[in-house]
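The values are calculated or read from the model by the stated rules, or taken from the named source; none is laboratory data. Since we're looking at a predicted model, the values are computed, not measured. Note that we place each Cβ from the backbone using ideal geometry, even for glycine, and neighbour counts take in every protein chain shown. Each accessible area value is taken on the protein alone, full model and side chains, heavy atoms only, with ligands, DNA and RNA left out. Shrake-Rupley method; radii C 1.70, N 1.55, O 1.52, S 1.80 Å.
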Amino acid sequence: MTSTATAPAATTHPLDPLGAAEIERAWQILSAERAPGPKSRVIFIVLHEPDKKVVLGHQSGAPVERAAFVVFVDSATGQTYEAVVSLSLTVAF
């Protein structure tokens, strides 16, 4: 796994939905880490919600750790995969 620290996305709240750039970045990170097959297709990429204590303790303007929850299917094998992708650490779990 590759871990490269980057600046967290500029958001106003930890529960803000992912933006288009974050969705694209999540797939790029996942593709680099897991190398999904050429017949893979994304079912969805959504915000992986942070712990409740992070949300309750958030102060306006503070950086937010962002993560995406990704579900995709490899049509060649019929397998469904799930992953959590850290957009801040650029790593898939």
Just wondering, is there one or more residues in the stretch 64-71 that are assigned to a loop (DSSP other than H, G, I, E, B) and open to solvent by less than 30 Å² (accessible area, probe 1.4 Å)?
yes
Does the stretch 33-54 include one or more residues that are exposed (fewer than 14 other Cβ atoms within 10 Å of the Cβ) and among the aromatic types (Phe, Trp, Tyr)?
yes
Return the pairs, sorted by first residue and then second, in which the second residue is hydroxyl-bearing (Ser, Thr, Tyr), the first residue lies in the stretch 23-49 and is under 14 Å from residue 88 (Cα atoms), the beta carbons are less than 7 Å apart, and the residues are 6+ apart or on different chains.
29/90
